[in-house]
Structure formats: C-alpha cells, structure tokens
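The values are calculated or read from the model by the stated rules, or taken from the named source; none is laboratory data. Source: prediction; values computed, not measured. Because the Cβ atoms are built from the backbone with ideal geometry, glycine has one as well, and the counts that use them run over all protein chains shown.
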Amino acid sequence: MDETKLSSEPIAKSLHAAFCRDASRQELLQLAAEKIRQTGAPYTSVYMYMVDDTGNMLKLEAFDGRTTDHTTIPVGRGICGKAVAEKTDLNVPDVSAAEEYLSCSIETRSELIVLIRRHDEILGQIDIDSDVPDGFDEPEVVAVKEVADALAALL
C-alpha cells in the first residue's frame, strides 16, 4: 500500500458530533466501526471489544462486517486477549502463522488490534480483520490509533 486509505480526522469529527448529541457509548463504538469499515479493503470487519468491569474479559459491544461467535474473549486468550494482557497493539500480517489466533472467518488473512486507552488504562480495543495478507502498513496503523485516541477521549 502506498498511501493511507483510512482518514482518521473525518471519523473523529463524526464521533465528536455524535458525542455532542449525547450518543451512547455503544452508538459511538458502532459509528467508529462503520466509518472504518466504509474505507473498504483492507478493512473487512471491524470489532469493538471493551474490557469488562472485572478487567478479565473483553466484550464485543459493536461491529461492522462479518458476525463473530467471539462475543467475549478472556484477557490473555487469542490475539485480542494477548494485546490487552501485553498492553500493546498487535499487527499480525499472517493470522495462519499465529498459533493463538481465534478465527472469526476462514477468509481472514491479517489482523490489526489497536488498544483504546486513556493514559495507562485500557478501555478496550479496535480489532480489524482483513482478507488481504499483510493488510496494514504503518500509516494505516497510525490512522487507526488516532481513531482509538478519539474514542478514548469520549468514552
């Protein structure tokens, strides 16, 4: 990929506008998922998992794209749970090579997980599946991080 396809600024503006209209947390998460996925390839499915009150479980609160059976994921399990446990974003260029990968779709080739964090607190994550191998270059990762930062400020 030569240029960033995802533009975070219009998404952040949409989120701020929705927040000013008293949109709920779920509505803000859904809006972000839809706006990211509307970018098209490599964004096949976008899942918004939030850390529950115990801090031990991720719960799917919004998504756009393919449905998933993974509506809850224990922290530490799968790539999503690993990202929270290790407190780091993960860009997995080939999910078939990741033994901890929990498959949502057999078509998925790569996955990007960007944590939604407020200072040191992890609120949740943006989990993006792509049918494109090595779907996310550094500019794409930066753009998703900017969306995550906008969400963190509003949630």
>> Condition first: β-branched (Val, Ile, Thr), surrounded by fewer than 20 Cβ atoms within 10 Å (Cβ to Cβ), in contact (Cβ under 8 Å) with a residue 12 or more places away in the chain and out of contact with any His (no Cβ under 8 Å at 6 or more places or on another chain). Can you find one or more residues in segment 135-149 that meet it?
In response: yes
> If we only count strands (runs of 3 or more DSSP E) wholly inside segment 43-102, which ones have 3 or more residues that are touching a Gly at 6+ places or on another chain (Cβ under 7 Å) and among the hydrophobic types (A, V, I, L, M, F, W, C)?
Replying inline: 45-51
> Taking into account only those residues within segment 40-56 that are among the aliphatic types (A, V, I, L, M) and over 11 Å from residue 124 (Cβ atoms), which is modelled with the lowest pLDDT?
Replying inline: 41
> Is one or more of the residues making up segment 75-83 among the hydrophobic types (A, V, I, L, M, F, W, C), buried (at least 16 other Cβ atoms within 10 Å of the Cβ), over 15 Å from residue 116 (Cα atoms) and at pLDDT 95 or above?
Replying inline: no
>> Checking the condition in a helix (DSSP H, G or I), without any contact (Cβ under 8 Å) to a residue 40 or more places away in the chain and either of a type in the set (Val, Ile, Thr) or more than 22 Å from residue 110 (Cβ to Cβ) (or both), which residue from 18, 23 passes?
In response: 18
> When the residues of segment 119-134 are filtered to those that are touching an Asp or Glu at 6+ places or on another chain (Cβ under 8 Å) and over 15 Å from residue 80 (Cα atoms), which remaining residue is surrounded by the most Cβ atoms within 10 Å (Cβ to Cβ)?
Replying inline: 131
> Does residue 5 satisfy the criteria of being over 15 Å from the mean Cα position of the chain (by Cα) and closer than 19 Å to residue 131 by Cα?
Replying inline: yes
